[in-house]
1. Can you give me the % of accessible surface on the stretch B:128-232 that is carbon or sulfur? Probe 1.4 Å, all protein chains present, nothing else counted.
2. Give me the percent of accessible area attributable to carbon and sulfur for chain A, probe 1.4 angstrom.
3. Which value, in square angstrom to the nearest 100, describes the accessible area buried between chains B and A on both sides, using a 1.4 angstrom probe?
4. What do you get for GluC sites (Glu not before Pro) in chain A restricted to DSSP loop and a cutoff of at most 15 other Cβ within 10 Å of the site's Cβ?
5. By the 4.7 Å beta carbon criterion, which cysteine residues of chain B come out unpaired?
6. If the elastic network links every pair of Cα atoms under 10 Å, which of B:Thr93, B:Thr268, B:Thr31 fluctuates the most in the Gaussian network model of chain B?
7. Taking the Cα centre of the protein assembly as shown as the origin, how large is its charge dipole in debye, to the nearest 20, when only Lys and Arg (+1) and Asp and Glu (-1) carry charge on their Cβ atoms?
8. Under 5 Å between amide hydrogens, which residues at least 5 positions from B:Lys41 or on another chain qualify, with H placed 1.01 Å from N in the peptide plane?
Amino acid sequence: MVKVYSTPTCVYCATLKQYLKEHDIAFEDVDASKDEAVFEEMVRKSGQMSVPVIEINGEIVVGFDKEKINELLNIKEQQ
Amino acid sequence: MYDLIIIGGGPAGMTAGIYACRQGLKTLIITKGFGGQMAQKSVEIENYPGFEKISGFDLISRFENHLRRHEVDIEIDSVIELKKNNNGFLVLTKSNKEFKSKTAVIASGGDPKSTGASGEKEFVGRGVSYCPVCDGPLFSNKDVAVVGGGDAGFESALFLSNYVRKIYILEYDSKIKASPANQALVKNIKNTEIITNASLKEIKGKVLVESIVYNDLKHNKEKSLDVSGVFIEIGYEPATSFILDPSLADFNKKKEIKVNLDNMRTKTPGLYAIGDVVSGKCKQIVVAAADGARAALDISHYLKNE
Ligand SMILES: Cc1cc2nc3c(=O)[nH]c(=O)nc-3n(C[C@H](O)[C@H](O)[C@H](O)COP(=O)(O)OP(=O)(O)OC[C@H]3O[C@@H](n4cnc5c(N)ncnc54)[C@H](O)[C@@H]3O)c2cc1C
């Protein structure tokens with residue numbers, strides 16, 4: 001399960017989501033600013049008050065850390 | 001082997017990409033993300049010709065879609081080193097990839113400056129943010145501080161006022177530098193307090209930010225404010241950490257790259273620099289874009305005459 005916590009005004013979140021789409025990764029997109037419960041959940045899981053945060057099968061990645069995301073999702077890029 | 005590699009996908013790099021592709025050059029853009037500082041714009045952009053008012057988000061999408069319509073290779077990655085070799089340039093990235101090109105364009109713009117206050121680094125992402133547009137909406141009904149009383153700080157306050165409960169704007173100087181127009185707009189928002197002569201000393205908290213301490217320089221007194229967020233808006237510095245060999249280019253006192261402003265050439269043949277990373281005084285989107293056009297057109301000539 002892949003979940004992206006973002007805000008509607010965050011460009012880096014949009015870049016991350018586009019990257020996932022380009023690699024055919026299905027994900028749940030949640031707006032952490034809209035709902036207090038979602039916000040609390042993001043802070044509890046990640047210790048972060050900053051977006052994007054991505055949850056990949058229970059593991060938390062903060063920011064668009066491509067290396068880590070590629071590793072966890074087994075994305076292989078061409079050289 | 002690429003004809004050129006562009007480092008950075010802000011307005012400078014994206015424009016260079018569009019022009020280079022139209023010149024038929026085999027082009028790669030390596031960037032951490034698209035938009036650069038335009039992504040930090042808290043209020044609408046009102047000085048890019050053709051758009052009376054447009055959000056940073058929308059202008060970036062337009063640049064990016066325009067770029068992607070061309071045959072350009074794109075790597076979302078961070079450049080860690082740029083090297084010169086016999087045939088051209090070698091660019092190394094964080095995810096251990098290596099790319100070769102005949103010419104290279106440095107379009108890496110600026111990184112936000114830090115205040116140096118204790119706790120600032122420690123609390124990044126846990127209350128300290130350099131991007132009010134990204135993280136601001138997360139601070140709804142909370143009290144926050146904006147450090148920096150220039151236009152960026154005031155525009156951040158305008159954006160944050162849509163979400164937060166109270167905003168303190170801290171300015172080191174005795175005078176506010178923001179434009180009269182921005183000052184008037186901020187005056188109209190409720191619950192904003194401007195504190196001048198304030199030097200940020202410490203950011204405190206357990207897991208997340210809980211308070212800040214600043215020196216009141218006028219009364220020579222330490223004061224503290226309870227806040228959950230600290231947005232740092234004190235300017236930008238050139239992003240050139242991947243230039244490990246300082247002999248590649250000349251730099252000015254601000255560590256900006258010196259170029260010939262006619263064609264954006266650095267002192268190394270085939271190496272160009274454009275946008276905010278160069279020593280030009282005017283740091284604007286339209287100027288960055290124009291630099292990109294100049295460099296790409298010159299590269300086309302350079303490669304033909306080589
Ligand atoms: C808050 C704010 C408001 C502004 N308002 C306006 C305005 O209203 N009008 C206006 O005209 N200008 C405005 N500006 C200025 C304008 O945004 C800049 O002049 C312009 O963005 C500079 O473009 P650039 O492409 O040179 O650099 P940047 O926009 O800084 O882009 C640099 C790009 O390079 C990438 N990069 C950096 N290092 C690396 C690396 N090592 N590896 C890979 N990629 C890298 C970055 O991720 C970024 O995408 C504003 C700036 C700020 C901060």
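1. Details: 2230 of 4860 Å².
Here it works out to 46 percent.
2. On the way: 1830 of 4030 Å².
Heavy-atom surface of chain A belonging to carbon and sulfur, 1.4 Å probe: 45 percent.
3. Values: alone 15620 and 5210 Å², together 18490 Å².
Looking at B and A, the buried total is near 2300 Å².
4. Values: sites: A:Glu22, A:Glu28, A:Glu36, A:Glu40, A:Glu41, A:Glu55, A:Glu59, A:Glu67, A:Glu71, A:Glu77; in loops: A:Glu77.
Loop-located and lightly packed - A:Glu77.
5. B:Cys21, B:Cys282
6. Its mean-square fluctuation being the largest, the pick is B:Thr268.
7. On the way: 49 positive and 52 negative charges, 181 e Å.
I would put it at about 860 debye.
8. Amide H neighbours of B:Lys41, under 5 Å, 5+ apart: none.
The values are calculated or read from the model by the stated rules, or taken from the named source; none is laboratory data. Since the model is a prediction, treat every value here as computed from it, not as a measurement. Heads up, the Cβs are rebuilt from the backbone with ideal geometry, glycines too, and the neighbour counts pull from every protein chain shown. Surface accessibility is based on the protein's heavy atoms, side chains included, excluding ligands, DNA and RNA. Shrake-Rupley method; radii C 1.70, N 1.55, O 1.52, S 1.80 Å.
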